[in-house]
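Single-structure report; data block below.
The values are calculated or read from the model by the stated rules, or taken from the named source; none is laboratory data. Worth saying up front: this structure is predicted, and the values here are computed from it rather than measured. Cβ placement follows ideal geometry from the backbone for every residue including glycine, while neighbour counts extend to all protein chains displayed. SASA here: full protein model, heavy atoms, side chains in, ligands and nucleic acids out. Shrake-Rupley method; radii C 1.70, N 1.55, O 1.52, S 1.80 Å.
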Amino acid sequence: MPVKISFIGAGSVRYTVKLVGDLAKTKELNGSLISFMDIDEERLNAVDNLAKRYTEEIGGNLKFEKTTNREESLKDADFVINTALYRAPGHEDGYVSYEIMRDVAEKYGYYRGIDSQEFNMVSDYYTFTNYNHLKLSLDIAKSIEKICPNAWLIQTANPVFEITQLIKRLTNVKVVGFCHGVGGVHEVLKTLRLEENETDWQVAGVNHGIWLNRFLYKGEDGYQILDKWIEEESNNWEPKDPWDTHLAPAVIDMYKFYGLLPIGDTTRNSTWKHHHSLQAKKKWYGKFGAIDNEVERPKFYEELRQTKRMIIQVSKDPNIKITENWPEEFPKEKMSGEQQIPFINALTNDVEARLFLNVLNNGTIKNIPDDVVIEVPVKVNKNGIFPEKIEPDLPEKIKNYYIIPRITRMEMALEAFITGDRTILEEVLVRDPRTKNYDDIPKLWDEIFDLPFNKEMKEHYRS
């Protein structure tokens, strides 16, 4: 059955076109209307052009529209995929303002910025300085509530944990958070040379804080296989690239302390022991120091920008076949591995799917508040979303020493944003082990508030 899907922030060209490819390969969704919305007309035109060409190249059957008007795109939408990232006027992308605020914080001794906190080290997962993006995300949700209240909001842009929680608390929108970090399980199995169809596994936690709670291989304890690999092979481990952290020394260190293996982005979200300097990062994550450092992250942002510029140029040349020139990026038959389209198909056409989504706890993980968003495996079909029983339960050590502290940081970020209470933002740094001079805390926040793109943020937190 066809549906209308609104892509808000469609100018994330490569990612949007990838999802359109999944749609075009999903026969049950033939004839669906895709509405692209972005404030950047050049990127909007590029994604519209490439999406049509990709669909045609793989023999898909979709309809397209494009607009710079959010309300127009949302009208009659059944699903809204939000990949929008706040972009300050005059900046090429949203990452520019992130890096400016990080630089301000580093002047005061906060390596990798204020938002790099224990259990949240991912460089584009801004929570405390991210007023503009949280406000944009909430505004999008309120527009959905007004224009297409029955639509599902598929929250894809980071920080997924905070944004999904915020929208759950302040609106009646049917929001679900999406992340592909769970794919780290496949990398672990590949390294351990295990067949996926012989493995029974489950993960649970919060976004960027998920753990391999069930791990059985051919009915036997898979952790024994991991222990053997650690003993016999882990010393030979080398990262293939900055993103390859799935069995890094830091991950093994976390496993030895917590008792379960961290998965996906969780592998990078540990404590300052593994992150206090580039030297420490290289010790614990290999020669690149993972992706979240002062060398690899700026390099990655520049590669993203170059790719987007290249894709925009490609969109202007109708003779270039994207499936032939970039078969890995835009395959003709293979699905991308992202979960958004299987989710839409499951709800719409009852093609049941096992997915890993961010939903309210409601007793799924014991001793975690019911109204907190968690990331767990779920069954999705025409009747809705049904979390699996988490079996075995997460150890209390993980709940008490990892998940609950992470939830506390989420709660501080949201309370500060909702109430405009500047003292909460200051208290975050009072508790930060990097703080050497407590008198500098208000000065640092003043400097961040005084940045040109934070004018609204400054008014919001005016004390």
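Results, tabulated for the structure shown:
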{"read-out": "From the options Asp221, Asp200, residue that is surrounded by fewer than 18 Cβ atoms within 10 Å (Cβ to Cβ) and within 21 Å of Pro342 (Cβ to Cβ)", "value": "Asp200"}
{"read-out": "Sole residue being touching a strand residue (DSSP E or B) at 6+ places or on another chain (Cβ under 6 Å) and of a type in the set (Lys, Arg), chosen from Lys379, Lys397", "value": "Lys379"}
{"read-out": "Residue pairs meeting the criteria (Cβ under 6 Å; at least 6 apart or on separate chains; first on the phi < 0 side of the Ramachandran plot and without any contact (Cβ under 8 Å) to a residue 60 or more places away in the chain, in the range 204-224; second surrounded by 14 or more Cβ atoms within 10 Å (Cβ to Cβ) and polar (S, T, N, Q))", "value": "Tyr217/Thr199"}
{"read-out": "The range 57-67, residues that are among the charged types (D, E, K, R), more than 27 Å from the chain's Cα centre (by Cα) and surrounded by 14 or more Cβ atoms within 10 Å (Cβ to Cβ)", "value": "Glu57"}
{"read-out": "Sole exception among (1) at pLDDT 95 or above; (2) out of contact with any strand residue (DSSP E or B) (no Cβ under 8 Å at 6 or more places or on another chain); (3) under 25 Å from Ile167 (Cβ atoms); (4) not in a loop (DSSP other than H, G, I, E, B) for Asp115, by number", "value": "(4)"}
{"read-out": "Flag for Lys287 being open to solvent by 30 Å² or more (accessible area, probe 1.4 Å), in a loop (DSSP other than H, G, I, E, B) and not hydroxyl-bearing (Ser, Thr, Tyr)", "value": "yes"}
{"read-out": "Among the candidates Lys240, Lys256, residue that is in a loop (DSSP other than H, G, I, E, B) and open to solvent by 60 Å² or more (accessible area, probe 1.4 Å)", "value": "Lys240"}
{"read-out": "Residue ID - farthest from the chain's Cα centre (by Cα), chosen from residues in the range 440-463 that are modelled with pLDDT of 95 or more and open to solvent by 80 Å² or more (accessible area, probe 1.4 Å)", "value": "Lys443"}
{"read-out": "Qualifying residue in the range 423-439 (condition: β-branched (Val, Ile, Thr), more than 18 Å from Phe119 (Cβ to Cβ), open to solvent by 10 Å² or more (accessible area, probe 1.4 Å) and in contact (Cβ under 8 Å) with a residue 24 or more places away in the chain)", "value": "yes"}
{"read-out": "Near pairs, Cβ below 7 angstrom, 6+ apart or cross-chain, from the range 450-463 (closer than 14 Å to Phe417 by Cα) to any residue that is open to solvent by less than 90 Å² (accessible area, probe 1.4 Å) and outside any helix (DSSP H, G or I)", "value": "His460/Gly420; Tyr461/Gly420"}
{"read-out": "Filtered residues of the range 118-134 (kept if out of contact with any Gly (no Cβ under 9 Å at 6 or more places or on another chain), within 17 Å of Ala88 (Cβ to Cβ) and in a loop (DSSP other than H, G, I, E, B))", "value": "Asn130"}
{"read-out": "Condition met for Leu212 (modelled with pLDDT of 95 or more and surrounded by fewer than 19 Cβ atoms within 10 Å (Cβ to Cβ))", "value": "no"}
{"read-out": "Residue match in the range 248-268 (condition: within 30 Å of Glu56 (Cβ to Cβ) and of a type in the set (S, T, N, Q))", "value": "no"}
{"read-out": "Test: residue in the range 231-239 that is touching a residue at least 24 places away in the same chain (Cβ under 8 Å) and under 27 Å from Asn158 (Cβ atoms)", "value": "yes"}
{"read-out": "Condition check for Arg53: in a helix (DSSP H, G or I), within 23 Å of the chain's Cα centre (by Cα) and farther than 20 Å from Phe161 by Cα", "value": "no"}
{"read-out": "Val176 being surrounded by 22 or more Cβ atoms within 10 Å (Cβ to Cβ) and under 30 Å from Ile225 (Cβ atoms)", "value": "no"}
{"read-out": "Single residue of the range 68-109 satisfying the filter (in contact with a strand residue (DSSP E or B) (Cβ under 9 Å, 6 or more places away or on another chain) and part of a helix (DSSP H, G or I)) that is most open to solvent (accessible area, probe 1.4 Å)", "value": "Glu72"}
{"read-out": "Residues of the range 139-155 satisfying the condition of being touching a residue at least 12 places away in the same chain (Cβ under 8 Å), open to solvent by 10 Å² or more (accessible area, probe 1.4 Å) and in contact with a Leu (Cβ under 9 Å, 6 or more places away or on another chain)", "value": "Lys142, Ser143, Ile147, Trp152"}
